[in-house]
């Protein structure tokens, strides 16, 4: 359970950072609901988030450097492969994990038990843009270099976390 | 899928063309233009779909753990390309132990077996263990049975071994082997039964296919 929560929080933060660099009229919509139907909706215009994050310090990610070329090859291969269910795993209990490619994105679904699940979407274009923006020599990414590249994050859901009465959804809304 | 038996096709197969992503082609123009484009794209879509081969791996354990991995050949090739970059085998050798096996010797051995034709290469019976390596109808078969509990069946077209040993002088050509495996169509590759645990690998030309058992 802790791992699921920790993973979900990390995924949420990652998505928030990535989508924060979006430009144009995109809006990052965070919707949280919890017990007794209470709901909170927070729309964040991407241009606003992007402006703030453009001032952020560069991200030191030296661990990525040794795998940068390999990741690029995998992503290039994934661009060419057809949609479908790539991985499905059932655990001893009711754990269930699937990885699916659909519409140039990887959809990951993890169900730990009924009512406890997380789904997130990794657009291939966004991952490729991240690799392009990565400075191999410095082992880091300058956030502003991601700005133009990440405008292509498709609209739609990015994260859906459910745990009992708590439900969190993050998605990108765009008028076209 | 091209099933030509020409020598050039055996050693160097063209890469599978990427499947058309019609969803990304959706125009923003009016419905008439969209329908026209859709009609133009429709005849091409099934042909592309046919060319994609998948390698399926399924592992089932008695505690209800099940893992199914469905990998398009293109992705497997990319994985092998990465693995080749990390391989530490000494050039010209393969395997573990005292320097492994010399690839030149392996090629000579395979060539000698190739010339023999369909036959049992090896049959060992030791107590309740029975192992047999043979070739039948252009397929290399390895069968191992241990006391009725364990059963291993491995089968692959001979042309896959040809491709594996036919590449660079110093390396096994894994990618050529996997391309050849895909070219030869739908078939089982590996079936292991050990008690209640089963492992199965097969090739099929569509995602989720059960394979030809």
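The values are calculated or read from the model by the stated rules, or taken from the named source; none is laboratory data. Just so it is clear, the structure is predicted and the values come from calculations on it, not from any experiment. A quick note on method: Cβ atoms are made from the backbone with ideal geometry, for glycine too, and the neighbour counts reach across all protein chains shown.
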query: How many residues does the range B:120-133 hold that are loosely packed, with under 11 Cβ neighbours inside 10 Å and not in a loop (DSSP other than H, G, I, E, B)?
result: 4
- line: Contact list, first residue from the range A:71-94 and more than 7 Å from chain B (Cβ to nearest Cβ), second anywhere and surrounded by fewer than 15 Cβ atoms within 10 Å (Cβ to Cβ), beta-carbon distance below 8 Å, six or more apart or interchain, is A:83/A:102; A:83/A:103; A:93/A:113; A:94/A:113; A:94/A:114
statement: residue A:169: passes all of (1) in a strand (DSSP E or B); (2) within 24 Å of residue B:66 (Cβ to Cβ) but (2)
Set A:31, A:69: member being farther than 30 Å from residue B:66 by Cα, touching a helix residue (DSSP H, G or I) at 6+ places or on another chain (Cβ under 9 Å) and modelled with pLDDT of 90 or more: A:69
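Pick from the range A:94-111 the residues that are in contact with a helix residue (DSSP H, G or I) (Cβ under 8 Å, 6 or more places away or on another chain) and part of a strand (DSSP E or B): which of them is surrounded by the fewest Cβ atoms within 10 Å (Cβ to Cβ)? Working first, answer last.
Of the range A:94-111, the ones in contact with a helix residue (DSSP H, G or I) (Cβ under 8 Å, 6 or more places away or on another chain) are A:101, A:103-106, A:110.
Those left that are additionally part of a strand (DSSP E or B): A:101, A:105-106, A:110.
Working: A:101: 21, A:105: 22, A:106: 16, A:110: 21.
Of everything passing the filter in the range A:94-111, A:106 is surrounded by the fewest Cβ atoms within 10 Å (Cβ to Cβ).
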- request: Filter the range B:182-199 for residues that are surrounded by fewer than 18 Cβ atoms within 10 Å (Cβ to Cβ) and outside any strand (DSSP E or B) and give the result.
  value: B:185, B:186, B:195, B:196
field: Restricting the range B:147-168 to residues that are at pLDDT 90 or above and within 23 Å of residue B:198 (Cα to Cα), the residue that is surrounded by the most Cβ atoms within 10 Å (Cβ to Cβ)
entry: B:156
field: One residue from B:136, B:171, B:175, B:179 being under 23 Å from residue B:87 (Cα atoms) and surrounded by fewer than 18 Cβ atoms within 10 Å (Cβ to Cβ)
entry: B:171
- prompt: Counting just the residues of the range B:49-68 that are within 14 Å of the chain's Cα centre (by Cα) and within 29 Å of residue B:194 (Cα to Cα), which one comes out nearest to the other protein chains (Cβ to nearest Cβ)?
  reply: B:54
